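Note sheet for the following structure.
The values are calculated or read from the model by the stated rules, or taken from the named source; none is laboratory data. Just so it is clear, the model here is predicted, and its values are computed rather than measured. Reconstructed Cβ throughout: ideal geometry from the backbone, glycine too, with neighbour counts over all protein chains shown. Note: accessible area is taken over every heavy atom of the protein model, side chains too, but ligands, DNA and RNA are not part of it. Shrake-Rupley method; radii C 1.70, N 1.55, O 1.52, S 1.80 Å.
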Amino acid sequence: ALLGGNVAARSLVITTTGNLDRDAWYVRHAIPDLRGIAAGELGGWTDEALGRFGTVILLSTRGLERRGRERLAAYANAGGGLLIAAGPDVDGDVVADVLGSGTPLEMKTPSGDPERGALRNPLSLAPADVRHPIFRAFGAEVASLGLVQFRGVAHIGGPSCQTIARFTSGEAALLDCTAGNGRALVFASDLNERWNDFPVRASFVPFLDQATRYLADSVTR
């Protein structure tokens, strides 16, 4: 029931190598009609080429140079939708200005080694606003998101962002941010089963589906 309606808008996934089977296996199988690109190649794209995608999913900043960062900021400012996963391959300093000048994105990775279970007691998350379009589509099944266990989470924040989900620690789990004429969703963990077990939970596919739909539907070009 959660996946009814139109197929989600086409998305571009930015990873370290651009190989989705290697870098983003779960995301590749959760969302139809994806294209992968290495972060280091983005600077060679034009704004027009990037603007053809309904959403851009950022999973890695390794190799993302200044020109590539400017492309992302311009994409968002022009009305694009960004989904940023604050996992181990995303550097907070690199994406600090991706929402545009004057609206810095704060991102600090966790200490220790979350991939080896740094948190003795894993965290879970809960929507802070069940009326938000992403969670409203879940209906009574929204509680299933609370089953996900997080071993590693990043600290995220920003002056143009609203916290729409929190971890049991009280920290922000998901932000909805304005970025020029576009929007960005910032998730405080990864999407590749390195810091959490989200990708193997039943809620993962509908979550990504609703996130990309929301970003594609709420922006203007």
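Compare Trp45, Trp195, Trp25 by solvent-accessible area with a 1.4 Å probe and give them largest first, with all protein chains kept in place.
Working: Trp45 40, Trp195 10, Trp25 120 Å².
In descending accessible area the options line up as Trp25, Trp45, Trp195.
For Arg66 and Thr168 in the same chain, what is the full-extension length gain: residue separation times 0.36 nm, less their Cα-Cα distance, in nm?
On the way: separation 102, 0.36 × 102 = 36.72 nm, distance 3.58 nm.
Gain in length upon complete extension: 33.1 nm.
Students often check this: by mean Cβ neighbours within 10 Å, which of 132-141, 207-216 ranks highest, and how do the rest follow? Could the numbers behind the result be given before it?
On the way: 132-141: 16.2, 207-216: 22.5.
Top of the packing list down: 207-216, 132-141.
Determine, for each peptide in 27-40, 177-190, 151-164, the mean count of other beta carbons within 10 angstrom over its residues, then list the peptides with the highest first. If you can, show how the numbers build up before the last one.
Working: 27-40: 18.1, 177-190: 24.3, 151-164: 19.8.
Sorting 27-40, 177-190, 151-164 by mean packing, highest first, produces 177-190, 151-164, 27-40.
If you put +1 on each Lys and Arg Cβ and -1 on each Asp and Glu Cβ, how big is the dipole of the stretch 1-109 around its Cα centre, in Debye rounded to 20?
Details: 11 positive and 13 negative charges, 39 e Å.
Taking the Cα centre of the stretch 1-109 as origin, the dipole is about 180 debye.
Could you work out the per residue convex hull volume over the alpha carbons of the chain, in cubic angstrom?
Numbers: hull volume 23.9 nm³, N = 221.
Hull volume over Cα atoms, normalised by residue count, gives 108 Å³.
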In debye to the nearest 20, how big a dipole does the chain give about its Cα centre with +1 on each Lys and Arg Cβ and -1 on each Asp and Glu Cβ? 220 debye
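Using a cut-off of 13 Å between beta-carbons, work out the net charge of the residues near Thr46 (Lys and Arg +1, Asp and Glu -1, Thr46 not included). Intermediate values should be presented prior to the final figure.
Working: positive: Arg52, Arg67, Arg71; negative: Glu41, Asp47, Glu48, Glu70.
Value of the local net charge: -1.
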Positive-end extreme of charge dipole, the chain - chosen from Pro110, Phe207, Trp45 (charges on Cβ): Phe207
